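Beneath this line is the structure, given in C-alpha cells, with notes to follow.
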C-alpha cells in the first residue's frame, strides 16, 4: 500500500551558513528525499561587466579580485592575459614565472578552503578547516609580502605585475614548498580513510561523464567524472608547457572523487612551483612597458585559463578607446552548478549540502 | 588545443547549408541567425568535428546589431571554434536556443535574456537570472544608462 504525500517546498538561503555565500536553493521534497532543486542566484550581482565599460583597462583589475575572492590572483592573471592578447603585449620572462608561482600557490589556497569547508559540510565541524587554514595562512602571508594584501591583491598589471617580489619572498616559498607535501600527507592520514568521510561522500552525488561534458563542467568537477581535461596541459597558456606535472582524474564522479582530485591537484601544484623556482630567472623586469592609459587596438580577444574552480575566461572587445567596449567573464562555477539537479535528485536533504559543498562555489563569481 | 581552420570549415558549411555563412576568416565563423541551430547541430554531430563541449556563450551590442558569440571545443579532437551570429532587430531580437544541444547554454542564455533582452526560442525555462522579475530594461545594452 502506498501513502500519497504532498510535495514539500523548502527554501535554503540566501542567508544560510552552508550555502557558501548568498546562494538560494529552492528545493522540492518528498519527505526527506529531493525531487527537484533549483539554484536562485543574483544576490551578489554588482554588474561588473557593465561597470567595466566605463573604466580604463587598468582600472578594471581590482574588479576581477571581487569575482572569485578565494582565488583573486588567478582572476587578475586571466584578465591581464586577455588584455595582453588583445594589445599584443609580451610579459617578461621573470613576470611569467612569478605569475605561475602565484597562480599555483593560489590554487593550493583555494583547494584548501574547498576541501576544508567540504568537510565542514559533512559534519567534521571546524577541525579540518582549521588544519587547512594553518597552511592557507602561510600562503596569504607570502602574498602579503609581495603586494601588501591578503585577499584583494590587485597585484597583476597589464604586461606583468606591479612590482618585483621582495627578497624574503622566495625563501618563504621554498620553505613552504618543502613543508607542504608533509602537510598533505597529514591530511590524507586524517581523512583519506576516515569512516565518516567515506560513508557520507562515496557514491553520493554522482555526475556521469556524459552529463559533465554536456553541461560544460570544468575543473575538478569535470576531472572527477573521469575526463582528463586541464587547460594547462591541453592548451598550454603562459609557460605551462615547461613544467612536468600530471592531471589527476576520478573514476565515478561522486563527491569523494571531487575531494580526492583536489587533494592530488595540490600535490601537482607543489611540483609546478618547485620547478618554477628552479627555472626562475634571477634578474630582469617583471612588467612590460605599458602606458597607464593605453589604447588597445580595435578587435577582440578571448583567453581561458585553468583557475582553481574550472575554466575561467575573459572575452574583451575593444573599439580603440581607453576602456573596453565589452567585457565578458566566463565563470566556471556558474556552469558547474548547472549539474546541481542531476547530482542531488534522489538524495536526502543532508546530502544536498555535501553535494553542493563538493562543487566548491563562490558567489562573487557566479553573480559577478 | 588548436583553433580549427574556420575559413575552410565555412566553405564546407556553405556547401551543406546554402546561404548560411555570412563570413568566415581565420578567427571566427559568422552564420545567418536562421541557420544557427542547423549549423550547430552539424558541428556537434559530424564525425571529425565533434564539438561536444560548449564553453562561453555571450552577446555584444554593436547598436546596429546584436552579436551572439559561441565558443565550442571538441574534447575528442582537441580543437576549438568561435561561432557568431548577428541579430538586427532591436525591439525583438530572437535566436534559436542551443540548450537542447548543449546544456552548458542553459544559464548563459538566461543571463543574456536578462541583460540584453535577446529571446531564445526553444529554451526550456527562459526567465531573468541575475536581476529580479519586473526589472525595467536590459543593462548591458549600450543605450541603457
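The values are calculated or read from the model by the stated rules, or taken from the named source; none is laboratory data. All values derive from a computational prediction rather than experimental measurement. Neighbour counts run over all protein chains shown; Cβ positions are idealised from the backbone, glycine included.
Per-structure values
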| quantity | calculated |
| --- | --- |
| Any chance residue A:163 is away from chain B (no Cβ under 14 Å), at pLDDT below 90 and in contact with a strand residue (DSSP E or B) (Cβ under 9 Å, 6 or more places away or on another chain) | yes |
| Residues within region A:179-198 that are modelled with pLDDT under 90, in a helix (DSSP H, G or I) and loosely packed, with under 12 Cβ neighbours inside 10 Å, tallied | 2 |
| Filtered residues of region B:31-54 (kept if surrounded by fewer than 21 Cβ atoms within 10 Å (Cβ to Cβ) and either part of a strand (DSSP E or B) or on the phi > 0 side of the Ramachandran plot (or both)) | B:48, B:50 |
| Selected residue (only one of A:63, A:8 is within 25 Å of residue A:155 (Cβ to Cβ) and without any contact (Cβ under 8 Å) to a residue 40 or more places away in the chain) | A:63 |
| Matching residues, region A:302-326, being more than 17 Å from the chain's Cα centre (by Cα) and facing chain B (nearest Cβ under 10 Å) | A:302, A:315, A:317, A:319, A:325, A:326 |
| Hits in region A:215-234 - residues which are more than 27 Å from residue A:120 (Cα to Cα) and surrounded by fewer than 20 Cβ atoms within 10 Å (Cβ to Cβ) | A:228, A:233, A:234 |
| Test set (1) closer than 22 Å to residue A:220 by Cβ; (2) surrounded by fewer than 21 Cβ atoms within 10 Å (Cβ to Cβ) - residue A:278 fails condition number | (1) |
| Residues located in region A:71-119, provided they are within 12 Å of the chain's Cα centre (by Cα) and surrounded by fewer than 23 Cβ atoms within 10 Å (Cβ to Cβ) | A:113 |
| When residues of region B:73-98 are limited to those that are within 14 Å of residue B:9 (Cα to Cα) and either within 11 Å of chain A (Cβ to nearest Cβ) or out of contact with any strand residue (DSSP E or B) (no Cβ under 9 Å at 6 or more places or on another chain) (or both), the one surrounded by the fewest Cβ atoms within 10 Å (Cβ to Cβ) | B:79 |
| Filtered residues of region A:345-368 (kept if within 26 Å of residue A:72 (Cβ to Cβ) and not in a helix (DSSP H, G or I)) | A:360, A:361, A:362, A:368 |
| Enumeration of residues in region A:13-55 that are in a strand (DSSP E or B) and touching a residue at least 40 places away in the same chain (Cβ under 8 Å) | A:25, A:27, A:29, A:33, A:34, A:35, A:36, A:37, A:38, A:39 |
